Protein chains: 2
Amino acid sequence: MEQISCNRSFGGEHRQYTHASAVLGCSMRFAVYLPPAALAGARVPLLYWLSGLTCSDENFMQKAGAQRVAAELGIAIVAPDTSPRGAAVADDPAYDLGQGAGFYLNATQAPWAAHYRMYDYVSQELPALLAAHFDFGPAAIAGHSMGGHGALLCALKRPQDYVSVSAFSPIAHPVNVPWGQKAFAAYLGDDPAAWPAWDASVLMAAANPATALPCRVDVGLADGFLDSQLQPQALEAAAASSGYPLQLHRHEGYDHSYYFVASFIEAQLRFHAAYLARA
Amino acid sequence: MEQISCNRSFGGEHRQYTHASAVLGCSMRFAVYLPPAALAGARVPLLYWLSGLTCSDENFMQKAGAQRVAAELGIAIVAPDTSPRGAAVADDPAYDLGQGAGFYLNATQAPWAAHYRMYDYVSQELPALLAAHFDFGPAAIAGHSMGGHGALLCALKRPQDYVSVSAFSPIAHPVNVPWGQKAFAAYLGDDPAAWPAWDASVLMAAANPATALPCRVDVGLADGFLDSQLQPQALEAAAASSGYPLQLHRHEGYDHSYYFVASFIEAQLRFHAAYLARA
C-alpha cells in the first residue's frame with residue numbers, strides 16, 4: 001500500500017493510496033479522509049462510500065463536502081474506485097459497462113470474471129487491508145446511484161460488518177431497469193435466474209428483520225433517472241414486506257447530481273454517527 | 001443570455017448560462033448560485049468568484065462547498081469562466097497561457113488583444129448583464145490563485161463597485177513570479193513598464209486608504225507555489241506601506257487545492273456577509 005497524495009482538509013487529511021489487489025488482479029486506488037481526531041491518535045469509526053457510474057475515488061471527496069461534518073463527528077471515510085482498472089482489465093466503450101461500472105458484484109462471465117469482483121473487494125479485501133494499516137472502529141456504508149445499490153448490497157449480504165447503511169439515489173431494483181439488466185447480463189450471464197442474488201430490493205424483501213440495519217435512502221424527485229433506472233418504490237415495497245427499517249426521504253426539486261448529495265450528506269453522516277457512537 | 005442547466009442545491013439553485021460577450025468577442029458561460037431567499041423573491045447581495053488557472057465556471061461550484069453557507073446567509077454567487085473561449089480565440093498549449101489563463105487583465109498584444117479583456121468582462125460587462133436579468137444587492141468579490149489576484153485587481157481598481165474583497169492563495173505579486181511574468185509578457189508586451197498597472201501588490205502599495213475595502217486573504221503554508229508563485233508577503237508589505245486593511249491568514253499544513261478552499265470558504269463568506277449586510 002503506497003500513499004500517493006495528501007491534502008489537509010478541515011483539520012484532517014485527505015489521502016490517496018494505491019495497492020495491488022489480489023481479488024481484482026490489478027492495481028487499485030482508494031481515498032481516505034482522516035478526521036482530526038484520527039490524526040491525534042483516536043480510534044474513529046469508518047464510513048465506506050461507494051460511488052456511481054463513471055466515478056473514481058475522487059468524485060465524492062471533491063464534490064460532496066463531507067469532510068466538514070466528518071471532521072466534526074470524528075468519522076473517517078474511505079472511498080474505493082468503482083471497478084478494476086488498467087490495460088489488462090476488460091472494458092467496454094459504454095459508460096455503463098466495464099471500467100467505472102463494476103456494480104459491486106462478483107462477475108461470473110467471460111471476459112469479466114477474471115477481474116470484476118468488486119463485491120469481494122469492497123466488503124472483504126479492502127476492509128482487511130485497512131485493518132492492517134489503520135485502527136478504525138465500527139463501520140457504516142453509503143453510496144450514490146450504482147454505489148448506493150452497492151452499499152445496500154453489502155449491508156444486506158453482510159449485516160454483521162456494518163452498523164448502518166444509507167444511499168443517495170440508488171439503482172434500487174437493478175433486475176428491473178436498463179442499467180442493471182445490461183450489467184447483470186454481461187457480468188452474470190443472460191439467464192436472469194442468477195440476477196436476484198445481486199438485487200437489493202429482492203434481498204431486502206427476504207431480509208431477516210432481526211439482523212436488519214438502520215437504513216436511510218434519499219432520492220430527488222427531479223432526478224431524470226428516478227422512474228427509468230432507480231425505482232426506489234421497489235425498495236420501499238420490499239422493506240414493507242419484510243419489515244426492514246428503511247427511511248426513504250424524497251426531496252422535491254433535486255436531481256441525480258452531486259449538488260443533491262452535497263445538500264444532504266450532513267443528514268446522512270449524522271444518521272450514521274448516531275449508530276456508530278453506540279456500536 | 002440562455003440558461004443551460006439548473007440543479008437544486010441547499011434549497012437554492014445552481015444555474016449555468018451562456019451569452020454572447022461583446023467585450024470578449026465570443027460566447028461565454030458563467031454559473032450562478034441563487035440562495036433560497038433569492039428564489040423567494042428577496043433582493044440578495046452578490047459575491048463574484050474568480051477561479052484559477054485551467055478552471056471554468058464549474059470548479060468552484062462543484063468543489064468549494066460554498067452553497068451551504070451562501071444559502072444560510074442569503075448571498076448569491078456568480079462564477080465566470082477564466083478566459084475567452086472557442087476555436088476563434090487565440091490559445092497556447094501551456095496550461096498557464098491562453099484559454100483558461102486570462103489573468104483578469106486587458107491584453108494589448110497580438111494575438112491576445114482581440115479577445116483577452118477579462119478585466120473589462122468581469123468588472124463591467126458581466127455586472128451589466130446580471131443587472132439586466134437579476135435584482136442583486138451590493139457586491140463583494142473573491143477568488144483563488146490567478147482568480148484571487150483578479151479579485152484583488154478588481155477591488156483595487158474599482159473600489160466603488162464592491163464592499164469587500166477576499167482571496168485564497170492569490171498570485172499576489174505577478175510581476176515578480178514566473179506565472180505572472182510569462183502571462184504579462186504575452187498579454188501586455190515585453191516591456192515591464194506596462195505590468196505594474198495589473199499587479200495587486202503594486203496597486204495596494206499605492207492605494208488610498210480612504211477608498212480601501214475590507215480585505216481578507218487566506219494562504220496555506222504547505223502550498224507548493226507559496227514562495228515561487230504566490231508571495232503573499234509582497235501583498236502584506238504593500239498593505240503595511242499604504243495602510244490598506246489587509247487581514248492575511250496563514251494556515252499550517254494546507255496546500256493550493258480546493259480542499260483548502262473548502263475548509264475556509266465559510267470563513268470568507270461570513271467575512272463578506274458582515275460588510276454586505278451593512279452596505
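Quick notes
- Nearest beta carbon of chain A to the A-to-B rotation axis, with distance in whole angstrom: A:Gly65, 2.
- Ordering B:Leu269, A:Ile171, B:Ala101 by Cα displacement along the dipole of the protein assembly as shown toward the positive end leaves B:Leu269 in first place; charges were set at the Cβ atoms of Lys, Arg (+1) and Asp, Glu (-1).
- Global form of the range B:98-216, assessed from the alpha-carbon gyration tensor, a/c cut-off 1.5: oblate
- 1.4 Å probe, heavy atoms, protein only - residues of the range B:1-37 losing at least 40 Å² accessible area vs chain alone: B:Asn7, B:Arg8, B:Phe10
- Among the protein heavy atoms of the range B:146-259, carbon and sulfur supply 55% of the accessible surface, probe 1.4 Å, non-protein parts ignored.
- Straight Cα distances below 20 angstrom link B:Lys63 to the lysines A:Lys63, with same-chain residues fewer than 8 positions distant left out.
- Cα-based reach from A:Lys157 at 25 Å (exclusive), listing lysines while leaving out same-chain residues under 8 positions away: A:Lys182
- Here is how far apart the A:Gly224 label points are across copies: 3.6 nm, shortest first, using a point 7 Å from Cα toward Cβ.
- Under the combined filter of DSSP loop state and at most 10 neighbouring Cβ atoms within 10 Å, the range A:16-83 retains none of its trypsin sites (Lys or Arg not before Pro).
- For chain A, a crude dipole built from +1 on the beta carbon of Lys and Arg and -1 on the beta carbon of Asp and Glu, taken about the Cα centre, is about 660 debye to the nearest 20.
- The heavy atoms of A:Asp120 offer some 30 square angstrom of accessible surface to a 1.4 angstrom probe.
- Placing +1 on each Lys and Arg Cβ and -1 on each Asp and Glu Cβ, with no other charges, gives the protein assembly as shown a dipole about its Cα centre of roughly 1020 debye.
- For B:Cys26, the residues whose modelled amide H falls within less than 5 Å of its own, excluding neighbours fewer than 5 places apart on the same chain, are B:Ser21.
- A:Asn106 long-range amide H proximity, modeled H, under 5 Å: A:Tyr119
- Fraction of beta bridges assigned by DSSP in chain A that are antiparallel (%, nearest 5): 50
- With a 1.4 angstrom probe, the accessible area lost at the B-A interface totals about 1800 Å².
- Loop-located chymotrypsin sites (Phe, Trp or Tyr not before Pro) in the range A:47-140, at most 14 other Cβ atoms within 10 Å (DSSP): A:Tyr95
- Each 20 Å bin from zero holds the following percent of Cα-Cα pairs in the protein assembly as shown: 21, 49, 27, 3.
- Taking amide H atoms as placed 1.01 Å from N in the peptide plane, the amide H of A:His256 lies under 5 Å from those of A:Gly224, each 5 or more residues away in sequence or on another chain.
- Accessible surface computed residue by residue for the range A:115-200, with neighbouring protein chains in place and a 1.4 Å probe, gives 28 Å² per residue.
- Under Karplus coefficients 6.51, -1.76 and 1.60, residue-wise ³J(HN,Hα) of the range A:104-116 in Hz, glycine/proline x: 6, 10, 9, 6, 10, 10, 5, x, 7, 4, 5, 10, 7
- Calculated [222 nm] ellipticity per residue, helices only, for chain A: -9000 deg cm²/dmol; basis is -39500 (n - 2.57) per DSSP H run with n ≥ 4, divided by all residues, nearest 500.
- Pairs of alpha carbons in chain A whose separation is greater than 34 Å (percent): 12
The values are calculated or read from the model by the stated rules, or taken from the named source; none is laboratory data. If you're wondering where the values come from, they're calculated on a predicted model, not measured in any experiment. When we count neighbours, we look across all protein chains shown, and the Cβ atoms used for this are built from the backbone with ideal geometry, even at glycine. With ligands, DNA and RNA removed, areas are computed over all heavy atoms of the protein, side chains included. Shrake-Rupley method; radii C 1.70, N 1.55, O 1.52, S 1.80 Å.
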